[in-house]
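Values in this text are rule-based calculations from the coordinates and carry no lab data. Here the structure is a predicted model, which means the values were calculated and not measured. Every residue, glycine as well, gets a Cβ built from its backbone with ideal geometry; the counts of neighbours run over all protein chains shown.
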């Protein structure tokens, strides 16, 4: 068996009154129809990225709603994750070949993971390219297979795409964040467009008392008597961290006491992150107004919450982006955002909502400076962003979309009864 991620219990009823009532009630109706279905989510890491954050909230909530759901992690050594990171980048359009030894490494580890896969599921949802070969190598095992691609694969590297594409023919459905992300000659006929969402009740997104948030940041060396801008993301070249540093320095020429926090995560499946981290450290050496923090030195969900709540501006200067959950996280806290016009970010920031979309370092610096000089406008943009997120990008909306997809697949091939009896879930209306 693959490695099972241990999770706590969650109650869907806690979201009543937070999200629109119609979303809440429709989730209950669909969940009742799917009660007892067995679901497995598969990905490459239990922490350090948007996929793991989604699953940490979604899986317990699906269980609370009556679907028997597990989350498992594929196994691999450093060579495997180096290959899958190259594959990940190549599918987003990075140049370069994909060698025969790299393909052999991917296949060897995929076969090993396939051999450890259980057959006791009605639905198996595979996230991103790392485990994508499993249904072809393991066999269908009586399940309906769904490939959930979280990245922008609109213009993949042809060599990498030619390698991965045949494995996808084994799937029943695929999920993308945007229609534009669907790659050419895509072999799966059923495609759903389901943007991700944030969990307003996770430690990262709960409302922190301001005094507590201030104490958290002061404790790690951030001086809140000075203005603060922050970028929170994986240490990834697609997030353009060096461009953020350059933009910040241009703004600091006008606001000399400005601080920048670069808050990043390092994940099991991302060896490239260490290289980017070292580049950031080299670029910021000797500059005591730039703070660099990682999840490996104790900066976790509560600290990120405090940064997003108390920063004057949050930056997300992505060049390529699947969705960028951190944008909705910041907007949920009413903080204005300056973000790259990439991937799913514009979905979260329609015109005059949330902040400004930018296409260059110069535009980024100008937008940050404008928001710092116009705090009332910044506040209004942030508040409009919060309401947009409440309606479109909170976890119950994602649960609703996901249940609709499972329900449609179940209608095509009914789920066999397993004799499972579950009590009424606590989110149900009296």
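Summary of values
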{"read-out": "Label-point separation, residue 408 to residue 285 (7 Å along Cα→Cβ), nm", "value": "5.4 nm"}
{"read-out": "Whole-number Å³ per residue for the convex hull built on Cα positions in segment 210-392", "value": "110 Å³"}
{"read-out": "Span from the segment 334-381 Cα centroid across to the segment 189-216 one, whole angstrom", "value": "19 Å"}
{"read-out": "Bridge type composition, segment 210-392 - antiparallel percent by DSSP, nearest 5", "value": "0 percent"}
{"read-out": "Segment 88-136: proportion of alpha-carbon pairs further apart than 11 angstrom, %", "value": "74 percent"}
{"read-out": "Added length on full extension, which subtracts the Cα-Cα distance from 0.36 nm per residue, residue 115 to residue 275", "value": "54.3 nm"}
{"read-out": "Most to least packed among 343-349, 403-409, 137-143 [average Cβ atoms within 10 Å]", "value": "343-349, 403-409, 137-143"}
{"read-out": "Label-point separation in nm, residue 100 to residue 360, each point 7 Å along Cα→Cβ", "value": "4.6 nm"}
{"read-out": "Highest-first arrangement of 388-395, 107-114, where packing means the average Cβ count within 10 Å", "value": "388-395, 107-114"}
{"read-out": "Beta bridges by DSSP in the chain, antiparallel share as percent, to the nearest 5", "value": "5 percent"}
{"read-out": "Cα pair distances exceeding 16 angstrom across segment 54-129, given as percent", "value": "61 percent"}
{"read-out": "Translational diffusion coefficient (Stokes-Einstein; Kirkwood radius from C-alpha pairs) of the chain at 37 °C, 0.692 mPa s, in µm²/s", "value": "147 µm²/s"}
{"read-out": "Helical contribution to [θ] at 222 nm, DSSP H n ≥ 4, -39,500 (n - 2.57), averaged over the chain, rounded to 500", "value": "-12500 deg cm²/dmol"}
{"read-out": "Ellipsoid semi-axes in whole angstrom, largest first, where each is sqrt(5λ) of the Cα gyration tensor of segment 14-108", "value": "37, 15, 11"}
{"read-out": "Value of Rg to Rh for segment 178-254 (Rh from inverse mean 1/r over Cα pairs, i.e. Kirkwood)", "value": "1.13"}
{"read-out": "Directionally averaged shadow of segment 112-241, computed from the convex hull of its alpha-carbon atoms, nm²", "value": "11.9 nm²"}
{"read-out": "Ellipsoid equivalent to segment 220-295 - semi-axes via the Cα gyration tensor, in Å", "value": "22, 13, 10"}
{"read-out": "Cut-off 12 Å (backbone N to label point 7 Å along Cα→Cβ of residue 1), residues of segment 117-146", "value": "117-120"}
{"read-out": "Packing-based ranking, highest mean first, of 376-383, 326-333, 191-198 given that Cβ atoms within 10 Å are counted", "value": "326-333, 191-198, 376-383"}
{"read-out": "Contact order relative to length of the chain, as percent, for alpha carbon pairs under 8 angstrom and 6 or more apart", "value": "18 percent"}
{"read-out": "Extension gain from residue 21 to residue 202, taking 0.36 nm per residue of separation minus the Cα-Cα distance", "value": "63.2 nm"}
{"read-out": "Kirkwood Rh and Cα Rg combined as Rg/Rh, segment 264-353", "value": "0.97"}
{"read-out": "Computed over segment 70-225: relative contact order in percent, which uses C-alpha pairs under 8 Å that are six or more apart", "value": "19 percent"}
